[in-house]
1. Go through the stretch 70-91 and give me each residue that's touching a residue at least 60 places away in the same chain (Cβ under 8 Å) and under 26 Å from I255 (Cα atoms).
2. Within the stretch 92-123, restricting attention to residues that are surrounded by 14 or more Cβ atoms within 10 Å (Cβ to Cβ) and in contact (Cβ under 8 Å) with a residue 60 or more places away in the chain, which residue is nearest to the chain's Cα centre (by Cα)?
3. How many residues are in contact with a helix residue (DSSP H, G or I) (Cβ under 6 Å, 6 or more places away or on another chain), at pLDDT 90 or above and either loosely packed, with under 15 Cβ neighbours inside 10 Å or not in a helix (DSSP H, G or I) (or both) when one looks only at the stretch 141-174?
4. Can you find a residue in the stretch 293-306 that is under 17 Å from N328 (Cα atoms), of a type in the set (A, V, I, L, M, F, W, C) and either crowded, with 21+ Cβ neighbours inside 10 Å or over 33 Å from the mean Cα position of the chain (by Cα) (or both)?
5. So, in the stretch 206-241, of the ones that are of a type in the set (A, V, I, L, M, F, W, C) and either outside any helix (DSSP H, G or I) or without any contact (Cβ under 8 Å) to a residue 12 or more places away in the chain (or both), which residue ends up surrounded by the fewest Cβ atoms within 10 Å (Cβ to Cβ)?
6. Anything in the stretch 124-147 that is touching a residue at least 60 places away in the same chain (Cβ under 8 Å) and closer than 18 Å to A193 by Cβ? List them, or say none.
7. Within the stretch 72-91, count every residue that is under 26 Å from G285 (Cβ atoms) and either over 12 Å from the mean Cα position of the chain (by Cα) or of a type in the set (F, W, Y) (or both).
8. Kindly indicate the residue of the stretch 264-311 that is β-branched (V, I, T) and not in a helix (DSSP H, G or I) and also modelled with the lowest pLDDT among those meeting that condition.
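The values are calculated or read from the model by the stated rules, or taken from the named source; none is laboratory data. Every value quoted in this text rests on a predicted model; they were computed, and no experiment measured them. Please note: Cβ atoms are built from the backbone with ideal geometry, for glycine as well, and neighbour counts cover all protein chains shown.
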Amino acid sequence: MIPGLIGRGTGKRFPLTLIALIVLSLLNSCSQNNNTQTTTPPQSPKAIEAVSSPQKQKIKVVATFLPMYWFTKAVTGDTAQVEVLIPPGMEVHDYQATPETVKAIATANVLVKNGMGMEEFLNDTVKNAENTKLIKINASKGIKPLEKISPVVRAGKSDDHNHDHHEGNPHVWIDPVLAKQQVTNIRDGLIAADPTNKATYEANAGNYIKQLESLHKEYQQTLQKYPNCTFVTFHDAYPYLAQRYNLKQEAVVEIPEDQLSPTDVQNAVNAAKKYNVKALFGEPGIDNKLLTSLSQDLKLTLRPLDPLETGQPDPQHYFTAMRANLQNLEAACN
């Protein structure tokens, strides 16, 4: 048996178990105090949220066809997600929307269109997409359409100004000066939709516009030597270009066709004789044997003239194609 402890000066004994309980109580108290001093307080909910919150998502922009995609992508760079609705090479004038087209618009933040009646499929497609938050940018805003477009020459008559586009000729992007206006409209629309990236949109648009101004000067310097040069095309796509640089376009057909009809051939013959043209222009990449034979019969050179509705996705392809057009126009007018 273990003896008890004696209280000093009292002669009383205290049981060992009581002393042990007192010591244990003191040790527990010290341990709790130490823990309180060294424990880091937990983060507040706001601090945790700030650490784990994802970066702001890019806005999604859909452009109707290739030139609108080029101009939009040139302005956004990598700041936005940009898609093209109509695959390059597919005819824009009579395009029929697909379920994928509706889905793309339904999930987009911004829609960029050329306007002037070019995208006739859009009204119903946008309605079906039911995207009430969609911001629409009309790239041709403020551009005056050519109401009296270049004549489409017909067999037995000429100076016929009929055209499928009731809002005027929509091919404004082929004129570098009007292309500048389109880029400006796209820039302003994107800034309104995504103001946090205003500086990026302004800088990118400024760089692209400078390139367009340089291209315009190249056209001026080259074509001013050939005033009133007349050329025949098989697509009524170049009246703005012709007006800008004092040329004359005579279109045989309004919209390009895979195969020319006998009437189209007669129209071309009429135009070549009436206007004493030096060259015929067809669509690049189209091997039309009838058109080749026609040019040989008329003793005219057949050259390509690109409406820029197909090509590479790089926005710089606009300048590549336009400079090729300039070379072919100069060769035809020389």
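1. W70, F71, T72, V84, P88, G89, E91
2. V112
3. 4
4. The answer is yes, given that some residue of the stretch 293-306 is under 17 Å from N328 (Cα atoms), of a type in the set (A, V, I, L, M, F, W, C) and either crowded, with 21+ Cβ neighbours inside 10 Å or over 33 Å from the mean Cα position of the chain (by Cα) (or both).
5. C229
6. Hit for the stretch 124-147 is A139, nothing else.
7. Total meeting the criteria: 5.
8. Looking at residues that are β-branched (V, I, T) and not in a helix (DSSP H, G or I), I get I286.
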